[in-house]
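Structure, as structure tokens:
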Amino acid sequence: MPRLSKTEWIAFVAATVAGACLHFLYTLLPCPATALVAPVRESLWEHVKLLYWPCLIAGLVLRRRQPELLGQRAFALLAATAGMLGVGYLYHIPFQGDSLIFDIALYVLMMAVFFLLPHLLRQPFWQNCRELLALLVLVLGIATLLFTFLPPGGLLFTDLSGTPTWVTLPC
């Protein structure tokens, strides 16, 4: 089992708390700027922001101390996002689940994946494709921003709360 440094533990806690706070940011300050980083709907895709932005910032901060883990961290962010979307989709759509405890546990688990997975991927492969993985993380960020204002159809982008909050977005 990989061991996290003290800095990584602090970053894990800070990123997890920051992501949890992002869940309420748009409700408190509804504007296009907060819509870019905080969920505006209760869709599975919008909740990617809770993971993406704090992990991206934590990864950039940790890169200064561990630049050799750039490829691994980029992959971990993509894997954690895919895990959150995949498991969230299965739980909420086919199984019709609606437990806040499950959602919180999934969120914390995917945050842990982001911080632990880079230490399990020590092969040179990850360093060799770090630019491609970083580009994919950038594409994910652009998609997150774009789909805030222009969400495509589909269950990943559907507001699961039943409340149409998109109409409140002032843009």
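Computed quantities for the displayed model
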{"quantity": "List 93, 142, ordered by accessible area with a 1.4 Å probe, largest first", "calculated": "142, 93"}
{"quantity": "CD proxy at 222 nm, helix term only [per DSSP H run n ≥ 4: -39500 (n - 2.57); per residue of the chain; nearest 500]", "calculated": "-22500 deg cm²/dmol"}
{"quantity": "Gain on full stretching of the segment that runs from residue 20 to residue 90 - 0.36 nm per residue minus C-alpha separation", "calculated": "23.0 nm"}
{"quantity": "Cβ-derived FRET efficiency at R0 35 Å, residue 13 paired with residue 149, nearest 0.05", "calculated": "0.65"}
{"quantity": "Nitroxide proxy distance, nm - points 7 Å out along Cα→Cβ at residue 3 and residue 57", "calculated": "2.9"}
{"quantity": "Computed E for residue 79/residue 36 - FRET, C-beta separation, R0 22 angstrom, nearest 0.05", "calculated": "0.40"}
{"quantity": "Accessible surface, region 19-122, averaged per residue in Å² (probe 1.4 Å)", "calculated": "47"}
{"quantity": "Acute angle (nearest 10 degrees) that the helix 100-120 long axis makes with the longest principal axis of the chain, alpha-carbon atoms", "calculated": "20"}
{"quantity": "Net lengthening on full extension, residue 161/residue 142 (0.36 nm per residue, minus Cα-Cα)", "calculated": "4.3 nm"}
{"quantity": "Helix 6-28 axis, angle to the chain major axis (alpha carbon atoms, nearest 10°)", "calculated": "10"}
{"quantity": "Sulfur and carbon atoms: percent of accessible area, region 1-160 [1.4 Å]", "calculated": "75"}
{"quantity": "Length added when fully stretched, residue 29-residue 129, from 0.36 nm per residue minus Cα-Cα", "calculated": "32.1 nm"}
{"quantity": "On Cα atoms only, tilt of 48-65 relative to the major axis of the chain in degrees", "calculated": "20"}
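The values are calculated or read from the model by the stated rules, or taken from the named source; none is laboratory data. Keep in mind it's a predicted model, so treat the numbers as computed, not measured. Backbone-built Cβ (ideal geometry, glycine too); neighbour counts: all protein chains shown. The accessibility values were calculated without ligands, DNA or RNA, using every heavy atom of the protein model including side chains. Shrake-Rupley method; radii C 1.70, N 1.55, O 1.52, S 1.80 Å.
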